[in-house]
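Below: one structure, written as structure tokens.
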Amino acid sequence: DQALALHGISKTYNAGRPNEVQVLRDVSVTLDRGEVVALVAPSGAGKSTLLHIAGLLDMPDTGDVQVDGMNMTRLGDDARTRARRDQIGFIYQFHHLLPEFTALENIVLPQLANGVGAAQARDRARLLLDRVGVAPRADHRPAALSGGEQQRVAFCRALANAPGLLLADEPTGNLDPTTSDQVFGALMDLVRETGLSALIATHNLELARRMDRVLRLEDGQVVG
Ligand code: ADP
Ligand code: ADP
């Protein structure tokens, strides 16, 4: 039973033009449920492209994307949006929190959008903030938080609707090494406690070694 299965994914930008670049060539990747996998690649190798395709944010030229055993490739726009919202959490290098809302509200909002009641949404937001050690900062806006705290809140927001799959693109790449280590530890604890499956892109080989498996993206192909 697989959390994510990518089969035969290819992607070319600017096809047929002089600046054509084939980023992915027949890439296949599978993640078992509960598995945490590192994706290591030099800059420009296509890891953002691969994560965006896995996260249903971008379409491959060829190949299939399955999430939780469901083929997402031929879904219409509405179904794709719903699947993305319900089943997938996405984290970027930058937190992308809404600046005019508090930490707590940033985690409440995606739940309200999914039809969860306000009281229940607040309870879950507090629980998540507590797990990553940011509960005392719940009522602060992002600008009043440190970089590490902002990123911890972004993790909570990604998990607000209890997705089965987490996709992360250099989630601690913006932080200094010590903070990065701590924040990454908090993320891993959260992922393990909730039994999430995760594909986490990182340049940091130390961090990659703390995951179950390391995949390398080279010349448009994934090697184990
Ligand atoms: P990474 O995340 O590994 O740095 P990306 O997936 O962002 O790599 O990009 C891989 C390659 O594809 C790069 O050469 C990049 O410039 C190119 N690329 C990415 N997105 C686009 C796009 N929308 N249009 C054209 N080229 C792109
Ligand atoms: P990251 O820092 O995550 O690797 P990038 O800076 O490579 O991200 O890309 C950020 C965004 O810009 C992505 O959505 C990617 O698709 C787009 N992009 C990257 N390279 C190009 C490019 N050469 N032309 C157009 N869009 C690009």
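The values are calculated or read from the model by the stated rules, or taken from the named source; none is laboratory data. Fair warning: this is a prediction, and the values are worked out from it, not measured in the lab. When we count neighbours, we look across all protein chains shown, and the Cβ atoms used for this are built from the backbone with ideal geometry, even at glycine. Side chains are part of the model used for accessible areas, which takes the heavy atoms of the whole protein and leaves out ligands, DNA and RNA. Shrake-Rupley method; radii C 1.70, N 1.55, O 1.52, S 1.80 Å.
Return the residues of the stretch 9-22 that are away from ligand 2 (no atom under 15 Å from the Cβ) and more than 21 Å from the chain's Cα centre (by Cα); say none if nothing qualifies.
Gly16
Identify, by number, the condition in (1) within 16 Å of ligand 1 (Cβ to nearest atom); (2) loosely packed, with under 15 Cβ neighbours inside 10 Å that Gly69 doesn't meet.
For Gly69, the failing item is (1).
If Arg157 passes every condition in (1) surrounded by fewer than 24 Cβ atoms within 10 Å (Cβ to Cβ); (2) away from ligand 2 (no atom under 16 Å from the Cβ) but one, which one does it miss?
Only one criterion in (1) surrounded by fewer than 24 Cβ atoms within 10 Å (Cβ to Cβ); (2) away from ligand 2 (no atom under 16 Å from the Cβ) is unmet by Arg157, namely (1).
Name the single residue that is surrounded by the fewest Cβ atoms within 10 Å (Cβ to Cβ) among those in the stretch 23-51 being within 14 Å of ligand 2 (Cβ to nearest atom), of a type in the set (A, V, I, L, M, F, W, C) and closer than 25 Å to Arg192 by Cβ.
If we filter the stretch 23-51 for residues that are within 14 Å of ligand 2 (Cβ to nearest atom), which is where we start, we get 23-24, 39-51.
Filter once more, so that each one left must be of a type in the set (A, V, I, L, M, F, W, C): 23-24, 39-41, 45, 50-51.
Adding the requirement that they be closer than 25 Å to Arg192 by Cβ leaves 39-41, 50-51.
Values: Leu39: 26, Val40: 20, Ala41: 18, Leu50: 29, Leu51: 22.
Taking the candidates together, the pick is Ala41.
Mind listing whichever residues of the stretch 13-66 are hydroxyl-bearing (Ser, Thr, Tyr), away from ligand 1 (no atom under 13 Å from the Cβ) and in contact with a Leu (Cβ under 9 Å, 6 or more places away or on another chain)?
Across the stretch 13-66, the qualifying residues are Ser28, Thr30.
Tell me which residues, restricted to the stretch 57-66, are within 26 Å of Met211 (Cα to Cα) and open to solvent by 50 Å² or more (accessible area, probe 1.4 Å).
Leu57, Gln66
If the Cβ limit is 8 Å and pairs must be 6+ apart or interchain, which residue in the stretch 160-179 that is at positive phi pairs with which residue that is not in a loop (DSSP other than H, G, I, E, B)?
The qualifying pairs are Ala162/Thr194; Glu170/Ala201.
So which pairs qualify, if the first residue must be in the stretch 12-24 and farther than 17 Å from Leu51 by Cα, the second must be of a type in the set (A, V, I, L, M, F, W, C), the Cβ gap must be under 7 Å, and the two must be at least 6 apart or on different chains?
Asn14/Val21
Is there a residue being at pLDDT below 95, touching a helix residue (DSSP H, G or I) at 6+ places or on another chain (Cβ under 9 Å), open to solvent by 50 Å² or more (accessible area, probe 1.4 Å) and not small (Gly, Ala, Ser) anywhere in the stretch 121-141?
Yes, the stretch 121-141 contains at least one residue that is at pLDDT below 95, touching a helix residue (DSSP H, G or I) at 6+ places or on another chain (Cβ under 9 Å), open to solvent by 50 Å² or more (accessible area, probe 1.4 Å) and not small (Gly, Ala, Ser).
Which residue is most open to solvent (accessible area, probe 1.4 Å), if the candidates are limited to the stretch 82-93 and must be part of a helix (DSSP H, G or I) and in contact (Cβ under 8 Å) with a residue 24 or more places away in the chain?
Arg85
Which is within 29 Å of Pro142 (Cβ to Cβ), open to solvent by less than 70 Å² (accessible area, probe 1.4 Å) and within 15 Å of ligand 2 (Cβ to nearest atom), of Ala103, Ala118, Ala54?
On inspection, the qualifying residue turns out to be Ala54.
Residues in the stretch 15-23: is at least one within 23 Å of Leu165 (Cα to Cα) and not hydroxyl-bearing (Ser, Thr, Tyr)?
So far as the stretch 15-23 goes, no, none of its residues is within 23 Å of Leu165 (Cα to Cα) and not hydroxyl-bearing (Ser, Thr, Tyr).
So how many residues does the stretch 172-218 have that are within 16 Å of ligand 1 (Cβ to nearest atom) and either open to solvent by less than 40 Å² (accessible area, probe 1.4 Å) or part of a loop (DSSP other than H, G, I, E, B) (or both)?
Total satisfying the criteria: 12.
Return yes or no: is Gln150 in contact with a Pro (Cβ under 6 Å, 6 or more places away or on another chain) and open to solvent by 10 Å² or more (accessible area, probe 1.4 Å)?
yes
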